[in-house]
Amino acid sequence: MRVVGIDPSLSATGVADDHGQLHVLKQKPADGDQRLVNIREGVARFTLHADLIVMEDLPRNAMAAGVTGMVQGVIREYLQQHSIPYVTVTPATLKKFASGKGNAQKPQMRAAWLSYSGDDVADDNKVDAAWLRVIGLHLAGQLPANHEHWSCVETLRPQVDAIRSGFNLN
């Protein structure tokens, strides 16, 4: 199964492609709403042949979620238009999966990635995208449960199993 992880952001969307390569789609504030088009086109390059996208969801009860919501919207619209299945993972679940702590800070996420992969990745957007891809690979049965706290994503397993069976629930 070809899994892609996406960490949506208006300024720097992180992408872990289906080969595990990490990318950042950087945007300039001066480009205004054109950034949304740029993000959609960038995501298209990395997802067209994917079997599953795992994307960070909007933070619960966050006042700043509106801007990220616009990015989420253009990505979801593209995935829907091209029938590319996706699941979303809340920030707290992503952090719990990666580090064992749902309130982990960026340095803890980076340290957890270094411990897991051996790669010292400085860009937080890439780190989150990489962990999102690992969640997808784990749920698709391509990675064993390496840590007890990986069970925090098990509620997504029925959705991923349905996608693997050919049913897109989105």
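Among the residues making up the range 12-38, those that are assigned to a helix (DSSP H, G or I) and open to solvent by 50 Å² or more (accessible area, probe 1.4 Å) are P29, A30, D31, Q34, V37. Here V121 passes the criteria (1) farther than 23 Å from P8 by Cβ; (2) surrounded by 14 or more Cβ atoms within 10 Å (Cβ to Cβ); (3) hydrophobic (A, V, I, L, M, F, W, C) except the one numbered (1).
Within the span defined as the range 104-111, one or more residues are in contact with a helix residue (DSSP H, G or I) (Cβ under 6 Å, 6 or more places away or on another chain), of a type in the set (A, V, I, L, M) and buried (at least 17 other Cβ atoms within 10 Å of the Cβ). Select from the range 46-69 the residues that are out of contact with any strand residue (DSSP E or B) (no Cβ under 6 Å at 6 or more places or on another chain) and not in a loop (DSSP other than H, G, I, E, B) and write down the one among them that is modelled with the lowest pLDDT. Across the range 46-69, the extreme among qualifying residues is A65.
In the set Q80, Q72, only one residue is touching a residue at least 40 places away in the same chain (Cβ under 8 Å), touching a strand residue (DSSP E or B) at 6+ places or on another chain (Cβ under 8 Å), not hydrophobic (A, V, I, L, M, F, W, C) and not in a loop (DSSP other than H, G, I, E, B); that residue is Q72. Within the range 114-152, the set of residues being assigned to a helix (DSSP H, G or I), within 19 Å of G20 (Cβ to Cβ) and over 13 Å from the mean Cα position of the chain (by Cα) comprises L114, S115, Y116, S117, H138, L139, W150. Checking every residue in the range 84-99 against the condition of being loosely packed, with under 12 Cβ neighbours inside 10 Å and not hydrophobic (A, V, I, L, M, F, W, C) gives zero matches. If you go through the range 39-54 and pick out every residue that is open to solvent by less than 70 Å² (accessible area, probe 1.4 Å) and in contact (Cβ under 8 Å) with a residue 40 or more places away in the chain, you end up with 7.
If you go through the range 85-96 and keep only what is touching a strand residue (DSSP E or B) at 6+ places or on another chain (Cβ under 8 Å) and in contact (Cβ under 8 Å) with a residue 60 or more places away in the chain, you end up with P85, Y86, V87, V89.
The values are calculated or read from the model by the stated rules, or taken from the named source; none is laboratory data. Since the model is a prediction, treat every value here as computed from it, not as a measurement. Note: ideal-geometry Cβ built from the backbone for every residue, glycine included; neighbour counts use all protein chains shown. Ligands, DNA and RNA are stripped out before the accessible areas are found, and what is left, the full protein with its side chains, is counted by its heavy atoms. Shrake-Rupley method; radii C 1.70, N 1.55, O 1.52, S 1.80 Å.
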